[in-house]
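Heads up, the thing below is written out as structure tokens.
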Amino acid sequence: MIAIIKYNGGNVNSVQNAVRRLDADSIITDDFDVIRNADKVIFPGVGEASSTMKNLKEKGLDLLIPSLTQPVLGICLGMQLMCGDNEEGNTVGMGIFDIRVRKFPAKDIVPHMGWNTVSQFRSDLFAGTDENSDVYFVHSYYCERSEFTTSVCDYILPFSASLQKDNFYAMQFHPEKSGTVGSRLLETFLNL
């Protein structure tokens, strides 16, 4: 069973539909026991960092998520909240990845929205994915590059398109909106 974490961040239904297309059973939940006992956990997100982090803290999910031992996938805002300091609302994330989340410089079009290329793959999650594949992004804040970076995108500046540390995986882009490439990445995650 795949647990999709329920909180005030959007996009949970799109993620569940993408998981269903891969013939996997999933449940949208904030129940601690269900999440702890799931085979895999997906932490999606669309929204604003400080209010979302407040909601996670009210439910205790900010402590549960970093304690999980099964594969966990953070998507977009989910990825950013798995990091440390976040410039959006001066938010302190969960610190799974010791990376700062910064706002794109205003010298170009923000948010970064639409299809863009990811490259420099450094994870088994990208097995079978062509280097320089295009995926779908919607974000105004980015995760800096670090030793946890498993792919890079360049928009105004190079940033972490995906991260991995132990059982924690994260994607700034939306695999559920990224066509066959995104579907393949989700399937690879579900088969870990």
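The values are calculated or read from the model by the stated rules, or taken from the named source; none is laboratory data. Here the structure is a predicted model, which means the values were calculated and not measured. Neighbour counts are summed over all protein chains in view; Cβ atoms, including those assigned to glycine, are modelled from backbone coordinates with ideal geometry. Only protein heavy atoms, including side chains, enter the accessible area calculation; ligands, DNA and RNA are left aside. Shrake-Rupley method; radii C 1.70, N 1.55, O 1.52, S 1.80 Å.
Taking 0.36 nm per residue of separation and subtracting the Cα-Cα distance, full extension of the segment from Asp23 to Lys59 would add 10.0 nm. Applying the Kirkwood pairwise sum to the alpha-carbon positions of region 1-56 produces a hydrodynamic radius of 11.5 angstrom.
Gyration tensor over the Cα atoms of region 1-99: the corresponding equivalent ellipsoid has semi-axes (square roots of 5 times the eigenvalues, largest first) of 22, 14, 12 Å. Under 5 Å between amide hydrogens, built in the peptide plane, is the criterion, and for Ser26 it picks out Ile2 among residues at least 5 positions away or on other chains. Among the GluC sites (Glu not before Pro) within region 100-192, those in coil by DSSP and having at most 13 neighbouring Cβ atoms inside 10 Å are Glu131, Glu147.
Three semi-axes describe the equivalent ellipsoid of the chain; taken as square roots of 5 times the Cα gyration tensor eigenvalues and ordered largest first, they are 23, 20, 14 Å. To put it simply, the accessible area of the chain at a 1.4 Å probe is 44 percent carbon and sulfur.
Rolling a 1.4 Å probe across the protein heavy atoms gives region 135-174 an accessible surface of 31 Å² per residue. Computed from the Cβ-Cβ distance with R0 of 22 Å, the FRET efficiency linking Glu87 to Glu131 stands at 0.15. Taken along the Cα-to-beta-carbon direction at a fixed 7 Å, the label points for Leu157 and Asp124 span 3.4 nm.
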